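Notes to accompany the following structure.
The values are calculated or read from the model by the stated rules, or taken from the named source; none is laboratory data. Predicted model only: the values in this text are computed from it and were never measured. Quick reminder, even Gly has a Cβ in these numbers, built from the backbone with ideal geometry, and neighbours come from all protein chains shown. Keep in mind that these areas ignore ligands, DNA and RNA; they rest on the heavy atoms of the full protein, side chains included. Shrake-Rupley method; radii C 1.70, N 1.55, O 1.52, S 1.80 Å.
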Amino acid sequence: MEHLKFEQTNQTGLLTINREQALNALNHDLLLELEDFLQNTLPQQDTRVLIITGAGAKAFIAGADIKQMQKLNHFEMLKFCDLGQKISILLESIDVVTIAAVNGYALGGGLEIALACDFIYASENAKLGLPEVSLGLIPGFGGTQRLLRAVGTRRAKELVMTGNQINAVEALNIGLVNKVMPLNELMDNCYKTANRIHKNAFSAVTQAKRSINNGSALSIRDALELEKQCCAVCFASVDRLEGMTAFIEKRAAQFA
Ligand code: CAA
């Protein structure tokens, strides 16, 4: 992979967006690599938690590649957005738990990738925003929709319509990120969370992800029905028998 770097330790994968000279901006080739990685490479690994970060200490991802986008016509832009949205949907729908380790600028398409991850951990130097209107466009990789679901309509409108960048603490205060920490503690914190998740039944973690992601756009009645089904699916797993038996026998559970 030219623009991505992947390494894995004990079921935790680390995917680095590796285009530091352009602040990890997402060009077409990089997006195709990312799509291929999520669709074809990742399912062949034994990965349960995937941490996504940007190369260098300055940027997570500074957005879609403006130099490349500037030359697109509107049909090509439609395809470019299709690809970006497909990647965000893949991130949401894979069973693997995804953590965006935002280590600097997360702007435009960069914030949109982070928003599609399950958790966002940010370093103190992070700057987050959707500055597309300053370029004459709007977010096209899911930003308007996922931001409003993350922080509510008013805050989403304010961020999208002003194009303002906010710092990590402001992002924490509006619920856009889960945690803020010094840059040199970012990866340790991500791995600690990954290790905490590894102690749980992965089959249950994946059902929880499905229930939350797929339920968020449903009516409360339909969402509760979905939750019930996901809960019942857990009962088909050896993990739930082990988890409950271990509790009764007062020992630590040994999950698959
Ligand atoms: N696209 C292409 N190249 C980019 C880029 C981007 N989004 N962001 C940064 N770069 C490049 C710069 O052009 C520069 O390259 P050169 O050295 O060849 O000129 C290099 O990365 C370093 O960037 P700067 O010199 O600008 O660094 P800085 O520290 O002065 O500023 C920054 C950092 C504030 C992030 C600034 O680079 C910036 O504003 N970047 C653009 C952010 C942006 O608008 N993102 C949204 C893109 S639109 C989008 O994502 C659309 C969508 O939803 C589909």
| remark: Of the residues in the stretch 147-168 that are β-branched (Val, Ile, Thr) and either under 16 Å from the mean Cα position of the chain (by Cα) or not in a strand (DSSP E or B) (or both), the one that is farthest from the ligand (Cβ to nearest atom) is THR153
| task | Filter the stretch 52-67 for residues that are surrounded by fewer than 24 Cβ atoms within 10 Å (Cβ to Cβ) and either of a type in the set (Val, Ile, Thr) or at pLDDT below 95 (or both) and give the result. | result | ALA57, ILE66
| request: Report yes if some residue within the stretch 201-210 is aliphatic (A, V, I, L, M), within 16 Å of the ligand (Cβ to nearest atom) and in contact with a strand residue (DSSP E or B) (Cβ under 8 Å, 6 or more places away or on another chain); otherwise report no. | output: no
| Tally time: how many residues in the stretch 9-23 are under 25 Å from LYS192 (Cα atoms), over 15 Å from the mean Cα position of the chain (by Cα) and buried (at least 16 other Cβ atoms within 10 Å of the Cβ)? | 2
| remark: Considering residues that are in a loop (DSSP other than H, G, I, E, B) and among the small types (Gly, Ala, Ser), the number found within the stretch 1-29 is 1
| What about PHE37, is it part of a strand (DSSP E or B) and open to solvent by less than 10 Å² (accessible area, probe 1.4 Å)? | no
| said: Taking the conditions exactly as written (more than 8 Å from the ligand (Cβ to nearest atom), open to solvent by 70 Å² or more (accessible area, probe 1.4 Å), among the polar types (S, T, N, Q) and farther than 20 Å from LYS209 by Cβ), does GLN70 satisfy them or not? | reply: yes
| task | Hey, could you check the stretch 96-146 for residues that are β-branched (Val, Ile, Thr) and in a loop (DSSP other than H, G, I, E, B) and say which is surrounded by the fewest Cβ atoms within 10 Å (Cβ to Cβ)? | result | ILE138
